[in-house]
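The values are calculated or read from the model by the stated rules, or taken from the named source; none is laboratory data. All values reported here derive from a predicted model rather than from experimental measurement. We place every Cβ from the backbone using ideal geometry, glycine too, and count neighbours over all the protein chains shown. These accessible areas exclude ligands, DNA and RNA; they are computed on the full protein's heavy atoms, side chains included. Shrake-Rupley method; radii C 1.70, N 1.55, O 1.52, S 1.80 Å.
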Amino acid sequence: MTTKNLDPACAECGTPHACTIRPGQTGDANRLAVLATQVWLHTYATDGVSTEIADYVLAELTPARFTAALRDASIRVRIADHNNNLAGFSLVKFNATCPQARSAVAELQTLYVQAHFIGTGLGKRLLQDAETVARKHANTALWLTVNAQNRRAIDFYDHLGYRKVGTTYFVLGTQRHENHVLVGQGA
């Protein structure tokens, strides 16, 4: 495998040939599981891979789980495709009411961008696409949770108009990890 740099046009993902966003298909499940694992571990396994982290990844970030999501009518998976390779994705779940903002009923459960594409504008494009999907299918703003320690993600959402409306916790093994509940504009 060779390492390649993105040319200036691709660096912004602003040209039609650079990155396209499309609906996910069941044939994407393996790549979704691998990308999700890669991003999740890079973000959360900062002290190494514990038993709890390994158990979570092997149980939750599987091709079978992504296949089920891709077949679920209440979920929209959108793929960021770069030269027929998966660069990122979003997963929006409908009929998922935000506990702190009842008017928001579409949850952005996942927005992952491979590390090589961070800073290219791809995350913003995926988020804007997910917002469009939420408005089109449910006439609602998005809501999401983000780890309270993930400063880069919090800043990203803040910059794009998301506001904190509450706190929740992600339980991994015996540990509770604080998450902010954020809501986009229009909720």
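Values computed for the structure shown
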quantity	calculated
Region 71-163 - percent of accessible surface contributed by carbon and sulfur, probe 1.4 Å	43 percent
Gap separating the Cα centres of region 118-187 and region 75-96, nearest whole Å	15 Å
Leading residue at positive end of dipole, the chain (Cβ point charges), from Leu70, Ile118, Ala33	Leu70
Solvent accessible area, Å² - Asp158, 1.4 Å probe, full protein context	100 Å²
Point-to-point label distance, Ala68-Thr37, nm (Cα→Cβ direction, 7 Å offset)	1.8 nm
Contact order normalised by residue count of the chain, Cα under 8 Å, 6+ apart, percent	19 percent
GNM result for the chain, Cα springs below 10 Å: residue of Thr51, Thr168, Thr110 fluctuating most strongly	Thr51
Whole-number accessible area per residue in Å² for the chain, which is evaluated in the context of all protein chains at 1.4 Å	55 Å²
Kirkwood hydrodynamic radius over Cα pairs of region 41-127, then Stokes diffusion coefficient at 37 °C and 0.692 mPa s, in µm²/s	222 µm²/s
Helical segments meeting 20 Å axial Cα length and Kyte-Doolittle -1.0 threshold in the chain (DSSP H)	29-44, 122-138
Computed accessible area, Arg176, all protein chains, 1.4 angstrom probe, square angstrom	150 Å²
Gaussian network model of the chain, Cα within-10 Å springs - most flexible of Ala134, Ala101, Ala45	Ala45
